[in-house]
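Enquirer: Just passing along the structure, written as structure tokens.
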Amino acid sequence: MVMQRRLADSRVKFRHLQCFLAVAQFGGVQKAAESLSITQPAVSKTVAELEAILGVKLFERGRHGAAITREGQLFVPHASACVSALRQGVDLLTREGGGATASLEIGMLPTIAPALVPPMLARFAKDWPQVVVRLVTSSNAELLERLKAGTIEFAIGRLADPEKMIGLNFEQLFNEPLAVVVRAGHPLASSASSAASPAALPAALAGPFPVVLPPFGTLIRQSAESLLTMSGAAPLASFVEVLSVSVGRALALENDALWFVPLAAVERDLDDGALVRLPLPYAGTEEPVGLIRRTDSEPSPVARTLIEAVRGVARRRLAAQASPPRGKPGRRGRRDPGIL
């Protein structure tokens, strides 16, 4: 038995683990193949080889994709740890030996990225001037799945339900409030300079203007729905669901839409005066944003440097949030350019 296990260990290759983790993450061969830039038959063959080596079935294939088996679920953290350890070793040798350019894959919510990425990478580049940073922006649920599958080293996201956080650690960085914004010059923009009242938001939503909400199932959508419920607004007859910051911004600027969006996504537009933040009658719409990592692996030297850069930017955000706002009513006060 021991000899058979050793033979199996020696036959498992890096490509086996990569394909296995990709199929586990995407739940199908097609998307896994696209993510690895190889053909579907190559992925299927590689996973079949791994199953033959291990002597267990890792996936149940069907018309709707590949459902991971119990044995596959047990194998995921170990396969992920191996891939992560190899990447850390390569990055360490790259750093010490001056070899090929290192790479780092991280994930971040698209609504947080505009505020965090520029100052984060500016700090990071001082220590690692030759690193390829691959940034994945997606929903919180997908970021957690990618993290568990080991395709990203860490994520900047929101705290999910306990069952979805198994095997993950959440380090809170700051709270991010939900805002409702419109373009400058919007018919509702004049209300931004007046005191918020319980009737202000329902009256705005009852108007002829489009409403843009985060997608159903996201944590920021839950915050938006709580705000609508507390304000007594009638159920919306129509609205647009979108997570993309660029699309939401375009709808606000060009279609006179009311856009429900985390404040971090629109800070620059508020400072520049392109968008105006409508007053809200209720508080309690803030959601914690944090650093999410696997509990069974340590970050690589490159990742540790970037994590420290993230923490530094987060501390400056907290300091800025604690400072009294400046600037014109309805706009976020102009800040130090380094505080985003």
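Enquirer: Please specify each residue of the range 213-237 satisfying the condition of being surrounded by 15 or more Cβ atoms within 10 Å (Cβ to Cβ), part of a loop (DSSP other than H, G, I, E, B) and not hydroxyl-bearing (Ser, Thr, Tyr).
Expert: PRO214, ALA233
Enquirer: Another question, then. Evaluate the range 82-105: report whether one residue or more is modelled with pLDDT of 85 or more and out of contact with any Phe, Trp or Tyr (no Cβ under 6 Å at 6 or more places or on another chain). Full working, then the answer.
Expert: To start, the set of residues in the range 82-105 that are modelled with pLDDT of 85 or more comprises 104-105.
Checking the rest, the ones that are also out of contact with any Phe, Trp or Tyr (no Cβ under 6 Å at 6 or more places or on another chain) come to 104-105.
Yes: one or more hits.
Enquirer: While we're looking at this one, here's another question. Output the residues belonging to the range 7-17 that are farther than 18 Å from GLN73 by Cβ and touching a residue at least 12 places away in the same chain (Cβ under 8 Å). Full working, then the answer.
Expert: Our first condition is that a residue be farther than 18 Å from GLN73 by Cβ; within the range 7-17, this holds for 7-11, 13-15.
Residues satisfying the conditions are ALA8, ARG11, PHE14, ARG15.
Enquirer: Sticking with this structure for a sec: Any chance you could count how many residues in the range 144-187 are crowded, with 16+ Cβ neighbours inside 10 Å, out of contact with any helix residue (DSSP H, G or I) (no Cβ under 8 Å at 6 or more places or on another chain) and in a loop (DSSP other than H, G, I, E, B)?
Expert: So the answer is 2.
Enquirer: Another question, then. Step by step: first the residues of the range 63-81, then only those that are modelled with pLDDT under 90 and among the polar types (S, T, N, Q), then the one that is farthest from the chain's Cα centre (by Cα). Which residue is that?
Expert: The extreme case among them is GLN73.
Enquirer: Please name all residue pairs, on different chains or six or more residues apart, with Cβ atoms under 6 Å, provided the first residue is in the range 148-177 and is without any contact (Cβ under 8 Å) to a residue 60 or more places away in the chain and the second residue is crowded, with 21+ Cβ neighbours inside 10 Å and assigned to a strand (DSSP E or B).
Expert: Pairs found: ILE152/ILE106; ILE152/GLY107.
Enquirer: What's the total number of residues in the range 238-255 that are surrounded by 17 or more Cβ atoms within 10 Å (Cβ to Cβ), of a type outside the set (Lys, Arg) and out of contact with any strand residue (DSSP E or B) (no Cβ under 7 Å at 6 or more places or on another chain)?
Expert: Within the range 238-255, residues that are surrounded by 17 or more Cβ atoms within 10 Å (Cβ to Cβ), of a type outside the set (Lys, Arg) and out of contact with any strand residue (DSSP E or B) (no Cβ under 7 Å at 6 or more places or on another chain) number 2.
Enquirer: One residue is enough: does the range 270-292 have a residue meeting the conditions within 19 Å of PRO202 (Cα to Cα) and within 20 Å of the chain's Cα centre (by Cα)? Break it down into steps so the answer makes sense when it comes.
Expert: Pass one, the range 270-292, residues within 19 Å of PRO202 (Cα to Cα): 276-285.
From the residues that got through so far, the ones that are within 20 Å of the chain's Cα centre (by Cα) too are 285.
The answer is yes, given that some residue of the range 270-292 is within 19 Å of PRO202 (Cα to Cα) and within 20 Å of the chain's Cα centre (by Cα).
Enquirer: Is the range 232-252 home to any residue that is closer than 26 Å to ASP161 by Cα and acidic (Asp, Glu)? First the steps, then the outcome.
Expert: The first filter runs over the range 232-252 and keeps only residues closer than 26 Å to ASP161 by Cα, leaving 240-245.
From what is left, the residues that are acidic (Asp, Glu) are 241.
Yes, some residue in the range 232-252 is closer than 26 Å to ASP161 by Cα and acidic (Asp, Glu).
Enquirer: Just a yes or no: is a residue in the range 298-319 in a loop (DSSP other than H, G, I, E, B), in contact with an Asp or Glu (Cβ under 9 Å, 6 or more places away or on another chain) and at pLDDT below 90?
Expert: Initially, the range 298-319 is screened for residues in a loop (DSSP other than H, G, I, E, B), giving 298-300.
Next cut, in contact with an Asp or Glu (Cβ under 9 Å, 6 or more places away or on another chain) only: 299-300.
This time we only want the ones that are at pLDDT below 90, so: 299-300.
Looking through the range 298-319, at least one residue is in a loop (DSSP other than H, G, I, E, B), in contact with an Asp or Glu (Cβ under 9 Å, 6 or more places away or on another chain) and at pLDDT below 90.
The values are calculated or read from the model by the stated rules, or taken from the named source; none is laboratory data. What you see is a predicted model, and the numbers here were worked out from it, not measured in a lab. In this analysis, Cβ positions are derived from the backbone assuming ideal geometry, glycine residues included, and neighbour counts consider all displayed protein chains.
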